[in-house]
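*Asks:* Handing you this structure, nothing more for now.
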Amino acid sequence: MSTLAQIHQAQRVRFQQILIATDFSDASQRALAYALAIARRYDSVLSVVHAIPPEPRDQFHLKLCPRTEPTPTEAEQEMKQIAENARLAALKHRLLLEQGPVWDVLASVIQRESVDLLVLVRADVAD
């Protein structure tokens, strides 16, 4: 192999571990489609994570504010629906439900799984 070909080969992008964060919204479903395509293209392991927010310390908040996040049980059901995606089943993948603030969960998974690419949705342009 020529030196130029070796340099070109060394510069190729590789995504061995891809992480997508989901809140189960339509926008997250669209982002999942992109993540699936990227994972298929690069033969990557795709991890899908949902961060379950910590329980509020003051139960008073629960009565004043409507809950917008799915409950842990609802999140499990949503993840089961994602698991039934035929395109996901064809790939190496992990489904992760972790409790904690979103950015803490993402940072933990990124470090633990040695993530190469994080797929997110910008809320202001997603829907």
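*Asks:* Restricting to segment 98-120, and then to whatever is open to solvent by less than 40 Å² (accessible area, probe 1.4 Å) and part of a loop (DSSP other than H, G, I, E, B), can you tell me which residue is modelled with the highest pLDDT?
*Replies:* Of everything passing the filter in segment 98-120, Val115 is modelled with the highest pLDDT.
*Asks:* Take Lys80 and decide whether it is farther than 17 Å from Ile52 by Cβ and not aliphatic (A, V, I, L, M).
*Replies:* So Lys80 does not fit the description; no.
*Asks:* Considering (1) open to solvent by 100 Å² or more (accessible area, probe 1.4 Å); (2) in contact with a helix residue (DSSP H, G or I) (Cβ under 7 Å, 6 or more places away or on another chain); (3) at pLDDT 95 or above, say which one Leu95 fails and leave the rest.
*Replies:* Going through (1) open to solvent by 100 Å² or more (accessible area, probe 1.4 Å); (2) in contact with a helix residue (DSSP H, G or I) (Cβ under 7 Å, 6 or more places away or on another chain); (3) at pLDDT 95 or above one by one, Leu95 breaks only (1).
*Asks:* Restrict the check to segment 39-50 and report whether at least one residue is touching a strand residue (DSSP E or B) at 6+ places or on another chain (Cβ under 6 Å) and either part of a helix (DSSP H, G or I) or at pLDDT below 95 (or both).
*Replies:* Among the residues of segment 39-50, at least one is touching a strand residue (DSSP E or B) at 6+ places or on another chain (Cβ under 6 Å) and either part of a helix (DSSP H, G or I) or at pLDDT below 95 (or both), which makes the answer yes.
*Asks:* For residues that are part of a helix (DSSP H, G or I) and of a type in the set (D, E, K, R), scanning just segment 69-92, find the one that is least open to solvent (accessible area, probe 1.4 Å).
*Replies:* That would be Glu78.
*Asks:* Would you call Ala86 at pLDDT below 90 and small (Gly, Ala, Ser)?
*Replies:* For Ala86, the condition - at pLDDT below 90 and small (Gly, Ala, Ser) - is met.
*Asks:* Scan segment 23-51 residue by residue and report those that are over 12 Å from the mean Cα position of the chain (by Cα), open to solvent by 10 Å² or more (accessible area, probe 1.4 Å) and within 18 Å of Glu113 (Cβ to Cβ).
*Replies:* Selection gives Ile38, Tyr42, Asp43.
The values are calculated or read from the model by the stated rules, or taken from the named source; none is laboratory data. Fair warning: this is a prediction, and the values are worked out from it, not measured in the lab. Counting neighbours? That spans all protein chains shown, and the Cβs are built from the backbone with ideal geometry, glycine included. For the accessible areas, the whole protein counts, side chains as well, though only heavy atoms, and no ligand, DNA or RNA atoms are used. Shrake-Rupley method; radii C 1.70, N 1.55, O 1.52, S 1.80 Å.
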